[in-house]
Amino acid sequence: MPFIHPLFVSHGSPMLVLQNTAARNFLAGYAASQPRPDAIVSVSAHFEADAPTIVSDPAPDMIYDMYGFPRELYEIVYPAKGDPALAERVAGLVEKAGLAPRLAPRRGFDHGTWVPLKLLYPQADIPVVQVSVQPDKGAAHHLALGRALEPLTRENVLVIGSGSLTHNLHELRAPGGGMRAIDETEPQWVKEFADWVGTRIEEGAVEDLVDYRRRAPFGAENHPSEEHYLPLLVAMGAAIGATGEDPQGRLVHTSAEYGILRMDAFQFAGAASAMAA
């Protein structure tokens with residue numbers, strides 16, 4: 001059974017599924033180069049809870065958790081099935097790690113899940129289990145959550161962290177008023193942070209990435225709240241596992257949208273696992 005490399009993707013605006021951008025084209029082509037998983041565990045920035053919550057719904061509905069977008073966006077359906085047995089497996093792993101999980105028997109796919117999966121696996125023929133983030137518990141907690149999920153990577157399950165490498169929506173408005181253009185050049189404070197994170201991921205500098213708010217340039221400016229950064233740590237943790245080995249992270253896509261949203265994606269492997277070419 002192949003090792004399924006955990007993946008972090010930046011899902012950006014929900015309009016990603018409709019607009020012709022570099023990030024959209026990356027996601028639309030990525031899965032063809034990878035082993036096909038039997039199931040997907042999606043850790044979404046848009047599913048927040050006070051404890052690790054695992055969706056056990058066998059047929060998740062759609063959640064259109066965004067406002068003011070074109071009608072076409074609200075007509076998209078991602079009809080993938082859930083997987084109650086896998087949800088129980090995830091809950092067991094999280095419980096073993098001492099993180100007190102809960103099951104959610106009825107919850108749909110929020111756009112942190114269906115936006116990237118609509119592009120990655122448009123046939124919607126792979127079961128999906130969603131897992132929440134817990135923003136009040138911080139970065140180290142989410143690294144531990146990812147480490148608990150590591151056995152899934154050896155069970156042909158793809159662990160995806162879906163967030164955004166940078167995510168300060170307060171800065172979406174251009175300095176002169178109005179919305180920033182989708183192809184606007186990123187400000188220096190965005191570039192410096194994103195480049196710092198990318199370098200630390202390639203170095204396997206786990207402590208720096210956990211302590212990013214103190215160590216990274218413009219950490220708090222790029223993440224006024226943490227929910228879009230935390231899925232990155234879950235994906236990285238899933239490559240570390242119980243052994244504590246340094247993860248090997250590889251940048252597989254970089255681009256920016258609206259200047260302030262870096263759309264980078266990273267693929268992870270443990271040091272003992274061969275990184276996909």
Residue within region 51-74 that is closer than 21 Å to residue 251 by Cβ and surrounded by 14 or more Cβ atoms within 10 Å (Cβ to Cβ) present: no
Pairs where the first residue, in region 246-266, is over 24 Å from residue 5 (Cβ atoms) and the second is crowded, with 24+ Cβ neighbours inside 10 Å and among the aliphatic types (A, V, I, L, M), C-beta under 6 Å, 6+ apart: 257/263
Answer from 204, 241, 237 - the residue that is closer than 21 Å to residue 5 by Cα and touching a Leu at 6+ places or on another chain (Cβ under 7 Å): 237
Test for residue 219: is it at pLDDT 95 or above and among the small types (Gly, Ala, Ser): yes
Test result for residue 235, within 18 Å of the chain's Cα centre (by Cα) and either modelled with pLDDT of 95 or more or surrounded by fewer than 18 Cβ atoms within 10 Å (Cβ to Cβ) (or both): yes
Residue within region 213-230 that is in contact (Cβ under 8 Å) with a residue 12 or more places away in the chain, in contact with a strand residue (DSSP E or B) (Cβ under 7 Å, 6 or more places away or on another chain) and under 15 Å from residue 147 (Cβ atoms) present: yes
Hey, residue 125 of a type in the set (Asp, Glu) and surrounded by 15 or more Cβ atoms within 10 Å (Cβ to Cβ) or not: no
Helices (runs of 4 or more DSSP H) wholly inside region 54-170 that include at least 1 residues being under 25 Å from residue 26 (Cα atoms) and at pLDDT 95 or above: 71-74, 111-120, 138-148
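The values are calculated or read from the model by the stated rules, or taken from the named source; none is laboratory data. Keep in mind that this is a model prediction, so the values were computed, not measured. Cβ atoms come from the backbone with ideal geometry, glycine included; neighbour counts cover every protein chain shown.
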